[in-house]
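Scroll down for the structure; my scribbles are underneath it.
The values are calculated or read from the model by the stated rules, or taken from the named source; none is laboratory data. No experiment lies behind these values; they were computed from the predicted model shown. Here Cβ is always computed from backbone atoms with ideal geometry, including for glycine, and neighbour counts include all displayed protein chains. Note: areas computed on protein heavy atoms with side chains; ligands, DNA, RNA excluded. Shrake-Rupley method; radii C 1.70, N 1.55, O 1.52, S 1.80 Å.
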Amino acid sequence: MTIKQQLMDKLAARNDEMIAIRRHLHENPELSFEEVQTSQYIADFYENKDVTIHHNVGNGYGIIVEIQGRHPGPVIGIRADFDALPIEEETDVPFKSKNPGVMHACGHDGHTAYLLILADSLIQLKDELHGTVKIIHQHAEEKPPGGAKSMMDSGLLDDCEIIVGAHLFPTFKVGHIGYRAGAAMAGRSFFKLIVHGTGGHGSSPHLANDAIVAASNFVTTVQTVISRRLNPYDMGVVTIGSFDGKGTFNVIKDAVTLEGDVRYMNDAVHATIEQEIKRLVHGLEVQFGVTCTLTYEKDYPPLVNDEDLTNFVVETLEASEQEEIIAIEEAPLFSGSEDFAYYALAKPSTFYYIGCQPTYIDVPYMNHHPKFDIDERALLVAAKAGAEVVAKYCLK
């Protein structure tokens, strides 16, 4: 039996354990930058194993585990995130979140579970490894500034030749793996606008300056940035997700706070959107006689997968003889964002999608939905897909 098949058999034999880990993490979710117990759980998993462990990497509770093979060879990185979201879970699973208002609604529990078992299986075969596999357990993917950039900046990944990552997505059926070479996921920025007017009585609008009227004008006008300032072939989105104008029915508001989200696929488009938003804010002050305070923050850059590495991984997965890996499909551009983009800025990287569509529902709930769920068979698919990549680089 080949070493690669031994690895695959180890993963299959521990499928139930992988599911149990996922369910434990699902029951005990923690928010970004607060993952104290989750990080400790991961660290405890590697206790007394023949690896080098780096704790509290980056700006939070990140962990990097180095599995050093007996033979010389490349250094590669595999990343999984482990934070949860501020969402009240609405599923009916018996391992529902025990933490009110916190939920693993994006699949990071599954990412961590598959990578732990893959890592441990590689540790058991480390004498057969050529090179080093760095297991990247990353904190705080969901909340800017995120954990990826700081983990990359730690210097512990400087020697990695490649970095790969995977994400559970219910848009693909179990056994189907999605990929996209080049631009794959959108960049994201955040802005907060406070419009300051002059308060007054509803019966005397001429003695006040209504911040709600001015802010409402901005909400509608800002959409012209997308419809009239961008090339129709370019992708851009501006969303006003929060409009805090609550007051009393007969009182004119003196201030309103808006919060918005910007998505884009390249830096030139982002520069245009940012410039136009700032221009509109200035115009709002002139048109309505208000004053504005604008905070504009760049969160995550677009995720651009290395084309050569992506094609290499696709060829590797297409050649897989594992029955769990059924199909490799090109994925559309996703307008969601991922801080894995920071690894891709620094190293040849690729980020692929693991199908996890539940069989009990025709239209699955998407990531970040309070009823988000996965088909747990996807965990073994993710583990074996990662094993295929490691075998190609580090098993002879």
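For first residues located in segment 230-252 and part of a loop (DSSP other than H, G, I, E, B), partners that are open to solvent by 80 Å² or more (accessible area, probe 1.4 Å) and lie 6+ apart or on another chain with Cβ distances below 8 Å form the pairs Met235/Leu333; Asn250/His201; Asn250/Ser203. What are the residues in segment 155-188 that are in contact with a Phe, Trp or Tyr (Cβ under 8 Å, 6 or more places away or on another chain), part of a loop (DSSP other than H, G, I, E, B) and of a type in the set (Val, Ile, Thr), if any? Matches in segment 155-188: Thr171 only. Taking the condition assigned to a loop (DSSP other than H, G, I, E, B), over 18 Å from Ala20 (Cα atoms) and either modelled with pLDDT under 95 or β-branched (Val, Ile, Thr) (or both), does Thr350 pass? The answer is no for Thr350. For first residues located in segment 41-64 and open to solvent by 30 Å² or more (accessible area, probe 1.4 Å), partners that are of a type in the set (S, T, N, Q) and not in a loop (DSSP other than H, G, I, E, B) and lie 6+ apart or on another chain with Cβ distances below 6 Å form the pairs Gly58/Ser150; Asn59/Ser150; Tyr61/Ser39. Anything in segment 230-273 that is farther than 20 Å from Thr291 by Cβ and of a type in the set (Val, Ile, Thr)? List them, or say none. Val237, Val238, Thr239, Thr248, Val262, Val269, Thr272, Ile273, listed by residue number. Just for segment 271-297: of the residues that are part of a strand (DSSP E or B) and more than 17 Å from Gly241 (Cβ to Cβ), which one is least open to solvent (accessible area, probe 1.4 Å)? Ranking the qualifying residues of segment 271-297, first place goes to Cys292. Cβ-Cβ contacts under 7 Å between residues 6 or more apart (or on different chains), taken from a first residue in segment 315-330 that is outside any helix (DSSP H, G or I) to a second residue that is surrounded by fewer than 18 Cβ atoms within 10 Å (Cβ to Cβ) and modelled with pLDDT under 95, are absent. Of the residues Ala268, Ala255, Ala344, the single one that is surrounded by 19 or more Cβ atoms within 10 Å (Cβ to Cβ), out of contact with any helix residue (DSSP H, G or I) (no Cβ under 9 Å at 6 or more places or on another chain) and either hydrophobic (A, V, I, L, M, F, W, C) or under 29 Å from Ala166 (Cα atoms) (or both) is Ala344. Being surrounded by fewer than 20 Cβ atoms within 10 Å (Cβ to Cβ) and more than 20 Å from Thr291 (Cβ to Cβ) is the requirement here; does Ser227 meet it? For Ser227, the condition - surrounded by fewer than 20 Cβ atoms within 10 Å (Cβ to Cβ) and more than 20 Å from Thr291 (Cβ to Cβ) - is met.
The set of residues in segment 253-270 being in contact with a Pro (Cβ under 8 Å, 6 or more places away or on another chain) and either assigned to a helix (DSSP H, G or I) or hydrophobic (A, V, I, L, M, F, W, C) (or both) consists of Met265, Asp267.
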